[in-house]
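The values are calculated or read from the model by the stated rules, or taken from the named source; none is laboratory data. Here the structure is a predicted model, which is why all the values come from computation and not from measurement. Here the Cβ positions follow ideal geometry from the backbone for every residue, glycine too, while neighbour counts run over all protein chains shown. Areas reflect the complete protein model, heavy atoms only, side chains present, ligands, DNA and RNA absent. Shrake-Rupley method; radii C 1.70, N 1.55, O 1.52, S 1.80 Å.
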Amino acid sequence: MFGETSAFSGFSVDDLDAARRFYGETLGLKVDEEGQDDMRMLFLTLAGGTRVFVYPKDDHAPATFTILNFAVDDIDRAVDELTGRGVTLERYEGFEADDKGIVRVEGGPAIAWFTDPAGNVLSVLQEP
């Protein structure tokens with residue numbers, strides 16, 4: 001039914017200006033702002049042209065799952081760049097991380113998690 005229909009995902013944040021700075025300046029994504037006043041929203045453009053809708057929500061609660069996963073060819077370099085831009089990596093109980101905060105599990109991709117200013121979880125992971 002929707003196999004040929006374009007689609008996009010979205011998530012909420014508590015501060016649209018902080019989200020615009022984080023996704024645009026810190027992560028280097030293309031960020032478009034639409035609307036005015038109380039009806040402002042963002043669209044993030046990912047590699048390949050996929051767009052993600054970011055909207056403000058007064059009673060925002062951070063997502064309890066990873067909202068975006070960025071696949072990279074060199075996770076060590078990506079983590080170094082993130083930390084160099086002031087991003088703090090998350091460490092979760094049950095996942096043994098190295099000194100950089102990267103979880104390296106045999107048989108799975110190396111992965112590191114971090115949050116946006118609204119507390120939503122993102123990851124960077126080594127492409128297979």
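Points worth noting:
- Using a probe of 1.4 Å, the accessible surface attributed to T83 totals some 70 Å² when neighbouring protein chains are kept in position.
- Theoretical gain in end-to-end length, A47 to D76 [0.36 nm per residue, Cα-Cα removed]: 8.4 nm
- The stretch 1-67 - percent of accessible surface contributed by carbon and sulfur, probe 1.4 Å: 49 percent
- Taking the DSSP bridge list for the chain and keeping only pairs wholly inside it, about 60 percent are antiparallel.
- Integer Hz, Karplus 6.51/-1.76/1.60 couplings in order for the stretch 80-97, x for Gly and Pro: 4, 5, 4, 5, x, 9, x, 7, 9, 7, 8, 10, 10, 4, x, 10, 6, 9
- Treating each Cα of the stretch 33-87 as one equal point scatterer and applying the Debye formula with no solvent, the log10 of I(q)/I(0) at q = 0.22, 0.26, 0.30 Å⁻¹ comes out as -1.09, -1.12, -1.14.
- Of all stretches in the chain that contain no GluC sites (Glu not before Pro) in a DSSP loop with at most 11 other Cβ atoms within 10 Å, the longest one is 5-92.
- For the stretch 1-127, the Kirkwood radius over C-alpha pairs fed into Stokes-Einstein at 25 °C and 0.890 mPa s yields D = 156 µm² per second.
- Within the accessible area of the stretch 73-128 (1.4 Å probe), percent carbon and sulfur: 48 percent
- Spin-label model, F95/M1: points 7 Å from Cα along the beta carbon direction are separated by 3.4 nm.
- Debye, to nearest 20: dipole size of the stretch 23-105, +1 on Lys, Arg Cβ, -1 on Asp, Glu Cβ: 180 debye
- Accessible area per residue for the chain, computed on protein heavy atoms with a 1.4 Å probe, is 64 Å².
- Projecting the Cα atoms of V13, F65, V31 onto the charge dipole of the stretch 10-128, computed from C-beta unit charges around the Cα centre, puts V31 farthest toward the positive end.
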